Structures are given as structure tokens and as C-alpha cells.
């Protein structure tokens, strides 16, 4: 269910970020005491192969960024890559790992997770990797600088973040929602009233923001189309003991449902939970996840923690060639028909609503 996947959602914290060899030397403090990491020379960028996918960000059907493991000159480094259209991957930057357990340079306890979010203009982005803390770029990933957390909160481990129009949005570990304008460093709190620590998931798109909230009183979904300026609560009879909303966005809500252990099925709503379309019954096994694959109401159902099934809007279905990752894969829809999927090693893309798929990460994975 979604709350399990939430346990491995993005963690953000304050920290110092270093790069490999001479590229790791810091130079200057352009704003708020931030340390800038210099771009690397071409010869070092060419030294490392495309490795295991750690995190990624799709800014359009034909533009995707990925951070991978595996370098030759720096064993514990990671690399930032960009793929545009049908061209190959272009290496943009190399990051170096801070030793686990050490002080991050700002006096805060390091975290151990990674996350990437790039804006649609391809210039601005946020990145969190291992013990590095939260970093920002304003030049398409060539250089990165430390980004202070909201109100200087040293313990604000982030639950997840995303991009909505000209805003980066973050949910911290205390259940607070924040936004910062693309290209800026100041955070503004936009937490809905009465949410507390119950936020289970944040999903963002150009259309708006969606929060799935789980409290002792039950589950609810809150939507915003003005970057968190106001929130609307979605009321639905699908939020019951029989059904659970797995993922929510302004465009699509998807639920997994079970009837007394005898059958399971998926449901999708494209009108904010007013009406729902039910998928076919699965009489054997369990549904371990449901993912929206566009704005049409089609979904991908994860069954028995292994098999992926496309359930179309008309109720027909077919099994997909990919398999789920041990820790759970991740689908992200971009626009109406483009869908990306990561299985914790490779990256796949569909440009026709999940009907056909191509592996866009190289076949040979190292690291």
C-alpha cells in the first residue's frame, strides 16, 4: 500500500556537499552562506559509465534526468545525466559521497537517501543524495549549492518533494508542507489546516498538488491548483475499509480495493472522486500497488509484489514485460500519455499510455 512506499520516500536534510577530487573543492559563498561545487572538467566527466539508477526526474515526455552509481576514478561517486529526445545520455556532473556517519559540515546529522527534482526550464533543480543535504542548481546541473531548510530547522528531514509550475514543494518529516519559488532560496509554509503528521504522500504536476493524508479518523485527499494557496478536501466513499486511495493527483485518483479476501480490483477517478471506474477482479493473489499512467484513468496494477498489469480505461487489461523491484518500483506520468518507470536499477519509458515500453537506460549496469 502507499504508506509502505511512503517509508522509502524522499528524505531531505541540511548538509555539506563535496565533489570528486579537485572538483570537490568549494569556492565562494554566493548566497546565504551556500557553498558552490565547481563544474568538472570534460576528461573527468568522460571517465565514468552509466550505472545503477538512484533517482530521476522527467520534465517532459522526451526529457529525463537521472543520477546513477558507478565511476572509475571515484569509487563512491554518483553521476548526473540528461537524456533529450532519442539522443543518448549526456553526462552533466559527478557527485562524491560524504563518509557515512560523519558530520555533514554544518553540524547536523547526515541522512541516507537520494532524490532529484528538475524544473521544466532545465536550469533549476533540487538534489539530495546520501549525507549531502539538500542542494540546488541554477545552471542545468553543472554546479550545485547548499539550500538551507525552512526556518533553519536542523531536524527537518523531508518526506518528499516535487515541482509544480514555478515552485518546488516539500513535505518535511513533521508533516509540514513548504514551497520555494524556482531560482529562490526562501521557504514559505503552505501546510493545510488540521493535517498534522498524517501526510502519506505528495504528488505534483503542472496542474496542481495532491496530498494523501492518513489519520486515526481515516484517509483523505487534499488538492490544490494554486501552489498551496488553498486546499480542497476530496470526499469519497472509496476511502473505507474496503478501498484505499493509493495515489492522488489533480488529474487522477486511483484506489486498490479488496472484498473479504475473495477478490481484489483497482478503481480510478478523473473527476476528483465524484465517479469511479472499476477494473477487472483479480480472484487470486493480492494487489500490492496501483499507479496512474496518464490522465485517461488507465492504471498499472502491481500484483503479488512481482507482476505489473495495465488496466485500461475500458476495463481490458494486459501484463507488462517489466517486473517490480524488491523495494517497489515507481511510476510517474508526465502529461497525458507519457509514463516513466524505475525498478531501482533501470529506467523505462512509454509514450503511448503504458501500452508499449522501451528501456532507456543502457543495458549494461555497473556498480
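Across the range 251-367, C-alpha contacts under 8 Å between residues 6 or more apart give a mean separation that, scaled by the residue count, equals a relative contact order of 16 percent. What shape does the range 251-367 take by its C-alpha gyration tensor, where a ≥ b ≥ c are the square roots of the eigenvalues and a/c under 1.5 counts as rounded, a/b above b/c as prolate, and the rest as oblate? Oblate shape, in that a/c is at least 1.5 and b/c is the bigger or equal ratio.
Remark: 316, 69 ranked as 316, 69, counting other beta-carbon atoms within 10 Å and listing the fewest first.
By other beta-carbon atoms within 10 Å, ranking 199, 190 with the fewest at the front produces 190, 199.
Ranked for footprinting exposure by Cβ neighbours inside 10 Å, fewest first, 341, 260 give 260, 341.
Bear in mind that the values in this text are calculations on the coordinates, not laboratory data. Quantities reported herein were computed from a predicted structural model and do not represent experimental measurements. Every residue, glycine among them, receives a Cβ derived from its backbone with ideal geometry; neighbour counts consider all protein chains shown.
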